[in-house]
Each structure stands twice: as structure tokens, then as C-alpha cells.
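Enquirer: Following this message is one structure expressed as C-alpha cells.
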Amino acid sequence: MGCRGLTAALTAEETLEYGARLWQLLAWQTERYTMGESTSVRKETAQALLASIRLSLELHFRERDLSPRTLLEGDPTVLLRAAEETVRRQVGRTRPLYQRACRCVLRAENRSLEETLRSIGGFFRAYDTQFFAAEVPCDIDYQLCRRAETGDGTSWSRRESGWPGGWSLAWPVPPV
Amino acid sequence: MEEHLTNRQTETVRALEACNQKTAAFGLTLTGEEMEALAEGRERALADTGRVEFGDGILPALIDALCDSPYLQQSDWAETLLSAQAVFYHWKEEAGDLVPDRALLAFLRRAFDGARGAISYLEGFSLKELRERKEETQWDAED
């Protein structure tokens, strides 16, 4: 189930239970995704749904300073709904950053940067916080001045672009 | 992950035991050995088509869709189900996520009766080919 990292602090038995809970959430989420109309989905769809669940939980735990053991208590579907809300809030906080970046680029006259920013704008329309939170529906052509850190799943990172005058921009980091 | 697969086969067999009670009215029942073969067939078919499934899977609904067909008999009930299950998953993979199971099952039943119970006939066609043969272009909203 690939729970290492987040579950490093759990005992072996707790890690097994964590994996079982993720499986339970995947079954529940798959039924939501298919609206109960299909008993099966493509393997790639299931993998994407699972990556979304893991990322949403990770972001929620981090924001609320919760232990991964939280998943082992109570109804996991309640926790996942709360995690989805956390993801929506974080996306909402990113939008003003993007809008500020767009205002800054008007002075840059850099085509690569303009196109990248336009693509990121599409992200806010296409990003699925409920089922595919680990997928980043946009392209980045603009060369980052610093190597973006990669991690497990997708995370939003604020990076200094190195553009004269400097400004902070939330860059989506592609999933590993 | 392996632990879950083993549990799933057990769940499949339990679901089939429940189905037996209904299909007995049509003179169709499955032995324990046949149920295990169907459970194993489910895993193979899912692996072959690259699909993931939870819960009891499609078998109970498939049994429900077929059991009152006039072209079924006890002697080949298990074998028919095994083949029909494989056909369903291949067609599901071909149809994509937009076609609900109930629509696909309804079509499978129509095709099965149209072939007078010759499930092997259906195995030779893709979903697209068979629908073209039967001149079906839209999925019936009532399916």
C-alpha cells in the first residue's frame, strides 16, 4: 500500500491497520466515483484515487498537526471528507498568489512565463479536490531558477522565481 | 495486498452461496467447488483486463441478469457463468467508465438469448462488433 514516510512513527501492527483503512477508503471512494454504477474501475483509476486519498490525508494531518494514528480511530470516511475540505481550502489560499503572479507578469514580457501562468490558471478549473487531488492538470514550461523538491504525491510549494524584483509563486510539483 | 485478495475470494464464495437460494427456483445451483472456480475466475478476469473491484463484484448481478434465461441448464450453469464473467469484464474495459454495469448486463442478456445460450459465440466478438451486429447504437437509459 506504500505507506512509508507518513507512517514511519507507527508500529508494524498499526502500519498494517493503516493500510487496511486506506483500502477501506479506496473501496468507499471508488463507489462514490462511480456513483454506485460500476463494481470495478481501471487499475490506473484506482491508483489515482488512492494517491488522492493519501495526499489529502497527508495535507490534512500536516495542517491540523494530527498524528497518522487519527486514521486508525473512528470512521475513516469522516476523516477523508475533512481532508478533502482541507485540500479545497489550501487551493483557495493559492489562488490570490496566482493572481498576484499574473499581475506581475504584465511587466515581464516573457512568453514562456506568460504561457506557463496561463496554464496554471487552467489548473483552478480542472483540479479535482475530491477524487484526483494528486494530479496536477497543467503544464509548466517556464524554467524554475531552483530545482523543485519532489516528494510523495503532489504538494504545493512556494518558490522564489528569481525573476527581477522577486515574487513568491505557488508551483505545483508533479507527482513522483 | 495478498491478504485482501484471499479475503475477497472468500467474500465471493459467500455471495454466491446467497445467490444459490434464488437460482434454485430456476433449477440452477452451484457446488462449493464451482463457487471457488468462479472466485478464482473473477481474479483472473480482473487481472487480464487490468481492473480493480471491491465487495462482491459483478457475479451476483450477472447471475441475477441471466438466471431466468430459457437457454440455461444445470449441466453448464457454472461454465456459462465463468465465461459470461470474463466476457463482461472485457466488455466493461472496452465500454469505459461511462456505461453503467446494469446497461452492460442488460445487453449481455439480450446477446446471450439472441445466441440461444451459446456463450462461446459472444466470446468471439468485441462489444462494438456485437452491438453493430444487433444494430444497437445507444445505451438504453432504462437498462
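Enquirer: Just to confirm my numbers, what's the Cα centroid distance between the range B:5-72 and the range A:60-135 in Å?
Expert: Comparing the Cα centres of the range B:5-72 and the range A:60-135, I get a distance of 42 Å.
Enquirer: Beyond 21 Å, how much of the Cα-Cα pair distribution for the range A:1-127 remains, as a whole percent?
Expert: The calculated P(r) of the range A:1-127 puts 52 percent of pairs beyond 21 Å.
Enquirer: Additional query: Which shape class applies to chain B: rounded if a/c is under 1.5, otherwise prolate when a/b exceeds b/c and oblate if not, where a ≥ b ≥ c are the square roots of the Cα gyration tensor eigenvalues? Show your work: numbers first, answer last.
Expert: Numbers: a/c = 1.84, a/b = 1.23, b/c = 1.50.
Here chain B falls in the oblate category.
Enquirer: How much net charge surrounds B:Trp91 when only the other residues with a Cβ under 10 Å from the Cβ of B:Trp91 are counted, with Lys and Arg +1 and Asp and Glu -1? Before the final figure, lay out each step's value.
Expert: Numbers: positive: B:Lys92, B:Lys128, B:Arg131; negative: B:Glu93, B:Glu94.
Once all neighbours under 10 Å are counted, the net charge is +1.
Enquirer: Restrict the search to the range B:46-143; then list the trypsin sites (Lys or Arg not before Pro) that DSSP places in a loop and that have at most 16 other Cβ atoms within 10 Å of their Cβ.
Expert: B:Arg116, B:Lys134
Enquirer: A further question on this structure: To the nearest 0.05, how large is the calculated FRET efficiency for B:Glu17 and A:Ala8 if R₀ is 51 Å and r is the Cβ-Cβ distance? Mind showing how you got there, number by number?
Expert: Details: r = 42 Å, r/R0 = 0.83.
That pair, B:Glu17 with A:Ala8, gives E of 0.75.
Enquirer: Right, another one. Could you provide, to the nearest whole Å², the per residue accessible area of the range A:8-105 with probe 1.4 Å? All intermediate terms of the calculation are to be shown ahead of the outcome.
Expert: On the way: 4830 Å² over 98 residues.
Value for the range A:8-105: 49 Å² per residue.
Enquirer: If I take R0 = 45 Å and measure r between the Cβ atoms of B:Ala118 and A:Met35 in this structure, what FRET efficiency does the formula 1/(1 + (r/R0)^6) give, to the nearest 0.05?
Expert: Working: r = 34 Å, r/R0 = 0.75.
The pair B:Ala118/A:Met35 has a calculated efficiency of 0.85.
Enquirer: I would also like to ask the following. Let me confirm one metric for peptide B:97-104, namely the mean number of other chain beta-carbon atoms within 10 Å of its residues' beta-carbons.
Expert: Working: counts 8, 2, 2, 5, 6, 2, 1, 1.
Counting other chains' Cβ atoms within 10 Å and averaging over B:97-104 gives 3.
Enquirer: Residue by residue through B:45-54, how many Cβ atoms from other chains fall within 10 Å of the Cβ on average?
Expert: Numbers: counts 1, 2, 1, 0, 3, 4, 9, 13, 7, 12.
The shielding value for this peptide is 5.
Enquirer: Taking H as built 1.01 Å from N, whose amide H comes closer than 5 Å to the amide H of B:Arg51, not counting residues under 5 places away?
Expert: Amide H to amide H, under 5 Å and 5 or more residues apart or across chains, B:Arg51 pairs with A:Lys43.
Enquirer: Averaged across A:41-50, how many Cβ atoms of other chains sit within 10 Å of each residue's Cβ atom? Intermediate results must be reported in sequence, preceding the final value.
Expert: Working: counts 6, 8, 6, 3, 3, 5, 1, 0, 1, 1.
Mean inter-chain Cβ contacts per residue within 10 Å come to 3.
Enquirer: Test of understanding: what is the full-extension gain from A:Thr77 to A:Arg95, defined as 0.36 nm times their sequence separation minus their Cα-Cα distance?
Expert: Details: separation 18, 0.36 × 18 = 6.48 nm, distance 2.76 nm.
In short, 3.7 nm is gained.
The values are calculated or read from the model by the stated rules, or taken from the named source; none is laboratory data. Note that the structure is a prediction, hence the values are computed from the model and not measured. Counting neighbours? That spans all protein chains shown, and the Cβs are built from the backbone with ideal geometry, glycine included. SASA here: full protein model, heavy atoms, side chains in, ligands and nucleic acids out. Shrake-Rupley method; radii C 1.70, N 1.55, O 1.52, S 1.80 Å.
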